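For reference, the structure is listed below as structure tokens.
Taken together, the values in this text are just the output of simple stated rules run on the coordinates, not laboratory data. Bear in mind the structure is a predicted one, so any value in this text is a computation, not a measurement. Neighbour counts are summed over all protein chains in view; Cβ atoms, including those assigned to glycine, are modelled from backbone coordinates with ideal geometry.
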Amino acid sequence: MCPINKRRIIKNTLFLYLKVIVNTIVLLYSTSLILNALGVIDYGIYGVVGGVIAMLGYLNTAMAKTTQRFLSFAEGKRDKAKQKVVFNTSVMLHLGIGVSIFILMEAFYYPLFYGILNIPEERMAAAQFIYHMMAVSTLFTILTVPYDATINAHEDLVYYGIVGVFEALLKLAVAFIVVYAMIDKLILYGVLMTTISVLMMIIMRIYCHQRYEECVFFPKKYYCNRSAIEMGKFAGWNLVGTFSGIAGNYGTGLLMNHVFGTVVIAAQTIANQIGGALNVFSSNMIKAINPVIVKAEGEGKRSNMLDLSLAGCRYSFFLYTLFAIPCLLEADYVLKLWLKNVPDWAVLFCRLQILRTMLEQLTNALGMALMAEGHIMKINIVNLVLSILTFISLYLLYSFGFLPYWHFIISIIFMVIIESCFKIYYCSRYCHLSIKYFIRNVFVRCVLCAVIPFLVGLYFVSEFEGQGFLRLCLTSVICTTILIMVLFSIGMNKQEKNLIVRNMFTNMH
């Protein structure tokens, strides 16, 4: 990787981490405020109905990858005219997708509320109001995808850091407003969160039109049917994978709500927020690397693209593990410290969600390698089949009286382990990845770097009796120290070690 790319990735990652730190602090504090203000029942209702918002974020990110892929590929070839064609074609495609999804959401309104969701009768009207608002929010979110993709393609992630901090402060303000409001807190929370989403979309659109040359909406001149067909096929298969993820998360959440009620969904929502808060460090590093991976493929540098992808797999795992291991060991105390009212199942759900997300890091960047190369059809079909199998398996297990935590076990088996195996196979087939090289240099190194500090931390926790802030701090310090030592001795390759040593001596002199 050239020095310019290294510096750009480091700068982008640092600014994203600024956003992450602020967002994480706000998330943890505001969630505690909102849970206490709404109560477990209303918080669970927002978790299941408001899961559409989480679904939208997932959908938005996935669809943005399609436009980003074509924009980054064109930028790698230094083709500015092609970038304008891609942008205008993308806007028209997402207009059609947004309207279609809006119609589908409204069409599913009646069966969702009168046949699937398990919501107390006295809160049904509030839940329905929030759902209709989210349908409108969906349309605007999808229309913003081309702008989000443009920012990613230009690696202008400094902007994300600044705007992300502003968004976090707005969410904190919403939490305080809801706490002291005298009207229906659930409806107010939904209205304010949707307003923030629309406001952030408007800001992004204005920024892109003023900053980027290709962001000129003139479809009569730049719209291209051939590009639309090419992007449509790519976006279509990407949407298959996206809806597979939705079925594996939101769909199974609906099933859990139908069987166990809103209290279990409150616990699942807490677990998802913990997992998401821990994941932002590694996911933002991947976000910084993604456009560089695609540009490398656009420039015809396949080996460089693979090296970046494998480095992304390892270091996203290491970053996640750094924060995940102390939380795994001290989940009970962390939740008590964070929340005054910890929902049933929340501790176990958090541990299982952390484990799932940790395993996902091992092959996350391989998905971007497949997208850069252009072969995404088969892996997305696999994702769809695995999501269906996950849902069917959970339905059968819950029918026989199995407990809620089986949601995570089945998801790990199908949506993490089996899916990861297919990712590795398709990368070996289409990107010429050596499976033996991946196992030796990614899988084995990552597993050892996680298991060793976890076992040391587990021994310390078992010997240090009594939960408390002191034990949490000591556990974090011990696990972090051991992880850094193991990372330098096992996790890094020789080139990476030499780079760190050389930079240390340079800074000393």
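Structure above, values below:
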{"item": "Exposure proxy ranking, count of Cβ atoms within 10 Å, fewest first, for His407, His432", "result": "His432, His407"}
{"item": "Centroid-to-centroid separation of the range 346-424 and the range 154-174 [C-alpha atoms, Å]", "result": "30 Å"}
{"item": "Cα-projected label distance for Asn493 with Trp338, points at 7 Å along beta-carbon direction, nm", "result": "3.5 nm"}
{"item": "Förster radius 41 Å - calculated FRET efficiency between Leu33 and Ser462 (Cβ-Cβ, nearest 0.05)", "result": "0.75"}
{"item": "Sum of -39500 (n - 2.57) over DSSP H runs of 4+, divided by residues of the chain (222 nm, nearest 500)", "result": "-27500 deg cm²/dmol"}
{"item": "Distance violations [Cα-Cα > 25 Å] among Lys423/Lys497; Lys287/Lys436; Lys65/Lys378", "result": "Lys423/Lys497; Lys287/Lys436"}
{"item": "Gain in span if fully extended, Ile21 to Val385, counting 0.36 nm per residue against the direct Cα distance", "result": "127.4 nm"}
{"item": "Efficiency of FRET from Cβ geometry, Leu95 and Glu230, R₀ 30 Å, rounded to 0.05", "result": "0.95"}
{"item": "Ordering of 65-71, 477-483, 350-356 by packing [mean C-beta count within 10 Å, highest first]", "result": "65-71, 350-356, 477-483"}
{"item": "The chain - percent relative contact order, Cα under 8 Å, separation 6 or more", "result": "21 percent"}
{"item": "Within the chain, longest stretch clear of exposed GluC sites (Glu not before Pro) (DSSP loop, no more than 11 other Cβ within 10 Å)", "result": "214-464"}
{"item": "Hydrodynamic radius (Kirkwood) for the chain, which is based on Cα pairs only, to one decimal in Å", "result": "23.9 Å"}
{"item": "Linear extension gain, Ala125 paired with Leu104, 0.36 nm per residue minus alpha-carbon span", "result": "5.5 nm"}
{"item": "Selected from Val216, Ala173, Leu483, residue furthest toward positive end of dipole (the chain; charges at beta carbon)", "result": "Val216"}
{"item": "The chain: DSSP helices with Cα axial extent of at least 24 Å and average Kyte-Doolittle hydropathy no lower than 0.0", "result": "3-49, 51-76, 80-107, 124-143, 157-180, 185-211, 225-246, 262-298, 302-329, 377-399, 444-463, 469-486"}
